[in-house]
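Engineer: My questions all concern the structure below.
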Amino acid sequence: MKVYLETFGCQMNELDSELVRGHLHSLGYSFTGDPNDAQVILYNTCSVREQAESKAYSRIGIVGKRKAAGEELILGVLGCMAERDGIDMLRRYPQVDLLCGPGELDKLPLLIDNVRRTERISTSPRTDRAPARSVTSGDGRVALAGNKSRRSATLGAAEDSLEALDLGRAFEPREGSNDRSAYVRITRGCNKFCTYCVVPYTRGAEVHRPPDHIVEECRRLADSGVLEVTLIGQTVNHYLYVHGAAVDASGGETPQVGPGAAAFTRTGLDRLRSDGQRVTTFAELLYRIHEEVPEIKRLRFVTSYPRDFGDDILDVMAACPRICRYLHVPAQSGSNRILKLMNRGYTVEEYLEFVQRATRKLPDVCLAGDIIVGFPTETDEDFEATVQLVRSVPFKNNFIFKYSPRPGTTAIDRYPDDVPTEVKKLRNNHLLAVQSEVSTAVHRSWVGKTVEVLVEGPSKAAADAAEADAIDARSTVSAVHGSTDQQPATRVELRILGVSQGASSNGAASSPRQRGLQSDGRTAPLPAGTQLVGRTGGDLITFFDCPAGRTPESLRGTVLPILITGSASLLLQGTAVGPQGTAFGTDG
Ligand code: 5AD
Ligand code: SF4
């Protein structure tokens, strides 16, 4: 049976999809990139913004038409929409055979199997004790969701079946594979309850994985050829594992509910330690991975919460060369009044204090963020304050979103969505233009410097990958500077440069090189050659010519020192210098 699996939304979903793929693969399912070639179609959905949901609904509609025309297909909706809409979706979309919330993904093979065997599930397949909600639509289809309750601090390993999914991840040798990057989850869920956000409701309480599990996963990924690991969590700097608090029957550590924000004050942490508790902080976790798995040449993390980002983390970043100088720290707004309504828990002044501290300790750090425009009651003055914030921080990019009221959130109940759509659009476009100026200045500041670039491949392939990744504005590989249209950076950039993609004679994508980017951002004709693209540790997209005597294939997954000779708002251009083709594995 062939499966088509499409992912919407954030890195968490990308990782979930990767784990689901591995799980189904180990059970004999094969995968296809063409939905028309599949017998099982799975959409791993996102509810964070309405736009992502609409996209998924339109896909569901297309499958409905195919089924109505007599095709035998199994359609499964996974992730946050399954969690949020549950039985309603089954009612409204008869073509959907199964729903599986993010807390139930380990049960997915069982669900598919039941659909295959019975066509329609007649009973809940749930067998363990986890508090999942299993509802049927009346015609036997099932919505398996609800394993996201705010559970007690000690979670039995048997109950946390999700951990098994992460731990059971496939670690196939990546021989011949181009993909040298992987996500590793450090926390699940979120406790922040920003008033606009569905995540605490769809993904449940913040649960922290044991450091040993995380380090072991990194080690096994490195053994299978992974060079770049991105640690993911909703607020990674709030990672804190209290040893001995959650153990299974054999004494092994298990995931535990986070200790809450109070633990991140100096006194909170001191109190924990003076109680004789052994804890692992986020800084200590980063250090452990850096020291214990040196084969990982790039270690990064998303997303950081602007409050409680201690100097200890910045110090570890400064001391550890393989930890990327990259911080994705969403500000969300530059107005204290709006931040308060958002329940963000910090002021603009505190945000700026953090940025100052980060840039003082890590002068070459690359900063990225998220901003929401048009939050209820946002005035021109509030918006102007956001513009000022964006102007005053050297953001390499910002993902800019128009506020979208989400069912189930506090904001939708408490604040009418009173900023007109037209005003949201104007503010969005204005902020994009401001961010573009800021991004241009940030990229220009790299001209003349030599940076280490992890080679992704020929520019066409990379452009396609960026396009695929740009489905999600949160993608780490995306350098889109804040478009809600989520255009891939390369496309945006190429359009700015007046280059049409695919125009080159050798079939590779047009790249800035083909027009020739100058350090002032203007373009000039340059002879065509094989263009490669990669990223710096700070996640800046860099184009450069394939060095003489090397093939793009031989350079993929290696690090090259690149002298930056030109820039635009989203891209760097450079030339390979020094020991060309220095392999990642040999340069320490
Ligand atoms: N409307 C608009 N943007 C939102 N985000 C989260 N919820 C909403 C919403 N209801 C944005 C925030 C967050 C990013 C993942 O999505 O900026 O950081
Ligand atoms: Fe949502 Fe706020 Fe949690 Fe981020 S920190 S996932 S915006 S509730």
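Engineer: Dividing the alpha-carbon radius of gyration of region 357-469 by 2.2 N^0.38 Å (N being the number of residues), what value is obtained?
Structural biologist: 1.33
Engineer: Sort Lys340, Lys107 so the one with the fewest other Cβ atoms within 10 Å of its own Cβ comes first.
Structural biologist: Fewest-to-most ranking of Lys340, Lys107: Lys340, Lys107.
Engineer: Based on Cα positions only, what radius of gyration and what Dmax would you give for region 283-348, in angstroms?
Structural biologist: Over region 283-348's Cα set, Rg and Dmax evaluate to 14.7, 46 Å.
Engineer: Just to be sure I understand the model, the point goes 7 Å from the Cα along the line to the Cβ. What's the resulting Asp311 to Glu422 distance in nm?
Structural biologist: 5.2
Engineer: Given the options Thr202, His243, Tyr183, identify the residue whose Cα lies farthest towards the positive end of the charge dipole of region 171-246 (+1 on Cβ of Lys, Arg; -1 on Cβ of Asp, Glu).
Structural biologist: Ranked along the dipole, the leading option is Thr202.
Engineer: Can you list the lysines whose alpha carbon is less than 25 Å from that of Lys65, not counting same-chain residues fewer than 8 positions off?
Structural biologist: Lys2, Lys55
Engineer: Work out how much length Arg117 to Asp37 would gain on full extension: take 0.36 nm times their residue separation and subtract the Cα-Cα distance, in nm to one decimal.
Structural biologist: Length gained between Arg117 and Asp37: 26.7 nm.
Engineer: Can you give me the distance in nm between label points at Leu27 and Leu352, each placed 7 Å from the Cα along the Cα-to-Cβ direction?
Structural biologist: Taking the two extended label points, one gets 5.4 nm.
Engineer: Please order Glu384, Glu253, Glu71 by the number of other Cβ within 10 Å, starting at the fewest.
Structural biologist: In order of increasing Cβ crowding within 10 Å: Glu71, Glu384, Glu253.
Engineer: Also, I was wondering about something else. Run the dipole for region 202-288 about the Cα centre, Lys and Arg Cβ at +1, Asp and Glu Cβ at -1, nothing else charged, and hand back the magnitude in debye, nearest 20.
Structural biologist: My answer is approximately 240 debye.
Engineer: Rg(Cα) of region 284-422 divided by 2.2 N^0.38 Å? Display every interim value, and only then the final one.
Structural biologist: Numbers: Rg = 17.1 Å, N = 139, 2.2 N^0.38 = 14.3 Å.
Cα-based Rg divided by the globular estimate yields 1.19.
Only the coordinates and a few stated rules stand behind these numbers; no lab work does. Here the structure is a predicted model, which is why all the values come from computation and not from measurement. Heads up, the Cβs are rebuilt from the backbone with ideal geometry, glycines too, and the neighbour counts pull from every protein chain shown.
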